[in-house]
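> Before I ask anything, here is the structure I am working with.
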């Protein structure tokens, strides 16, 4: 439901805030007062094309903000999530139109693109201008309207799930076949590379081990010299550290015999001597085990060079050769299972295609039955609205294709997101004329009534709970106007309706009546909106009969129309 519309510096409007309520809201006012400016402003937050000309003279920018409470939040939630907008109970759509530069769009104070704003508006409001926001004039929407009317949502969900699984299976199958072709084309090369790598008898971490061992063998003389000299310093020479520490131990021992405070230091010096002795044994053992092996060094160098050449050849590091060998082995092993895996996916694909065809056939059958009911209902509604001799058709067609996924009676048809049917509404409003697409109806009055008839028939299932009519009374009067007013009144039981009208028969049906007025303040013209009380409502309806000079008879007729509307 639309609860609030705020407009600032838009066309003739300086600033106003309008509260809306459920039911039927009628908007009236003298010609040029700015009734259509309200609808135009609302169109801006629904993503209509903006222009700097909309900004009120002397202002830097225009701001339009619409506050809505979605009756079916699940419809809008996916769009908000994709746009990174946090959901809330209220949805605030805002458009700022500067004198210079591009307009800015917001949803719940979060910046968004114009496309996202328009998509949100399309999901929430059907604004029926002369040629804008008219769902029924877009053939691509007809299948959804028919499906809503027929209650096909569960069947559609099943169809889409199977179609998604079929597409996913086909992608897997395509990748599998591509892999098979790729491996088949280069199998000989892969086998050669695997044999080459396998013959190297590669080990994890081998390159590092070789490098370390080469360093040790290349520096064997230096290592032996250093470790031998260190052994002498620590233990072997007459002036070694161990000899010196042993003498120190002897002296600390004598001191401790005289002064017990040296006992702790004695223990520490003994530990130091023990450490030096242990170090000397380790160094001696290391020195004795140093290998002088030129043959081994040459062997390691050759192995290192071989690994480096092979790594360069394959564009890998030496460490990556093991991974490469394993990858090639896995790739060749996978080919052996390709025929079996391919057959499994082909069988699954065939099964899913059969299921998809069965679901598409069920959708088509249900649509045919619903189409017949919808045709009859729309014709009846249009007769009430003053188009008695019309023909309304729901055209269902399919696209034949040799590669289509839907198989019906031995023929293949393309599979769309909602089945295999193309749906379009056709109409003829004059006897003798063949039904044509709705978008080709020339008369504005006929368009308005066809729209109203369709919306009335589809009221139980229409996805847009807010309907706005800018020209619902174009080209009608008298009894037809009364019929249109009653139809709007009935429709407002399930939808929030906003309608601009010039006809008293329609205005009398209002649950709330807004009057647009234009006044000159200083040297500026300003439009404003005022909600009428019951007495003013009757006077406004009477004015639509007789103009500003309301007669007693016009007031009486207006009061009677209002009372009749209450009875509805």
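> Output the residues belonging to the range 422-443 that are surrounded by fewer than 19 Cβ atoms within 10 Å (Cβ to Cβ), in contact (Cβ under 8 Å) with a residue 40 or more places away in the chain and in a helix (DSSP H, G or I).
Residue satisfying the conditions is 439 alone.
> Okay, next question. Mind listing whichever residues of the range 500-515 are in contact with a helix residue (DSSP H, G or I) (Cβ under 8 Å, 6 or more places away or on another chain) and within 13 Å of residue 486 (Cα to Cα)?
The answer is 503, 504, 505, 506, 507, 508, 509, 510.
> With the structure loaded, tell me whether residue 300 is part of a helix (DSSP H, G or I), under 40 Å from the mean Cα position of the chain (by Cα) and either at pLDDT 85 or above or at positive phi (or both) or whether it fails that test. Before you say what the answer is, go through the steps one by one.
Working: part of a helix (DSSP H, G or I): yes; under 40 Å from the mean Cα position of the chain (by Cα): no; either at pLDDT 85 or above or at positive phi (or both): yes.
So residue 300 does not fit the description; no.
> Output yes when any residue across the range 19-38 is exposed (fewer than 15 other Cβ atoms within 10 Å of the Cβ) and modelled with pLDDT under 90, and no when none is. Explain how you work it out, then say what you get.
Residues of the range 19-38 exposed (fewer than 15 other Cβ atoms within 10 Å of the Cβ): 19, 21, 31-32.
Still in the list and also modelled with pLDDT under 90: 31-32.
For the range 19-38, residues exposed (fewer than 15 other Cβ atoms within 10 Å of the Cβ) and modelled with pLDDT under 90: present.
> Moving to a separate point now. Report yes if some residue within the range 64-83 is more than 25 Å from the chain's Cα centre (by Cα) and buried (at least 20 other Cβ atoms within 10 Å of the Cβ); otherwise report no. Please lay out each step first, then the result.
Step one: of the range 64-83, the residues more than 25 Å from the chain's Cα centre (by Cα) are 64.
Now drop any that are not buried (at least 20 other Cβ atoms within 10 Å of the Cβ), which leaves 64.
Yes, some residue in the range 64-83 is more than 25 Å from the chain's Cα centre (by Cα) and buried (at least 20 other Cβ atoms within 10 Å of the Cβ).
> For the range 408-421, which positions are surrounded by fewer than 17 Cβ atoms within 10 Å (Cβ to Cβ) and touching a residue at least 12 places away in the same chain (Cβ under 8 Å)?
Those that are surrounded by fewer than 17 Cβ atoms within 10 Å (Cβ to Cβ) and touching a residue at least 12 places away in the same chain (Cβ under 8 Å): 408, 414, 417.
> Which of the numbered conditions does residue 531 fail, given that it passes all the others? Conditions: (1) under 23 Å from residue 37 (Cβ atoms); (2) buried (at least 17 other Cβ atoms within 10 Å of the Cβ).
In the conditions (1) under 23 Å from residue 37 (Cβ atoms); (2) buried (at least 17 other Cβ atoms within 10 Å of the Cβ), residue 531 misses (2) alone.
> State all residues of the range 526-546 that are within 16 Å of residue 501 (Cβ to Cβ) and assigned to a loop (DSSP other than H, G, I, E, B); if no residue qualifies, say none.
532, the sole residue that qualifies.
> Among the residues of the range 216-247, write down those that are outside any helix (DSSP H, G or I) and either modelled with pLDDT of 85 or more or in contact with a strand residue (DSSP E or B) (Cβ under 6 Å, 6 or more places away or on another chain) (or both). Quick ask: steps written out before the conclusion?
Taking the range 216-247 first, the residues outside any helix (DSSP H, G or I) are 219, 237-240.
Within the range 216-247, 219, 240 qualify.
Per-residue answers, yes or no, for (1) over 24 Å from residue 20 (Cα atoms); (2) without any contact (Cβ under 8 Å) to a residue 40 or more places away in the chain:
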site	(1), (2)
39	no, no
46	no, no
49	yes, yes
69	no, no
91	no, yes
96	no, yes
99	yes, no
106	no, yes
111	yes, yes
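The values are calculated or read from the model by the stated rules, or taken from the named source; none is laboratory data. Quick caveat, the model's predicted, so the values are computed rather than measured. Note that we place each Cβ from the backbone using ideal geometry, even for glycine, and neighbour counts take in every protein chain shown.
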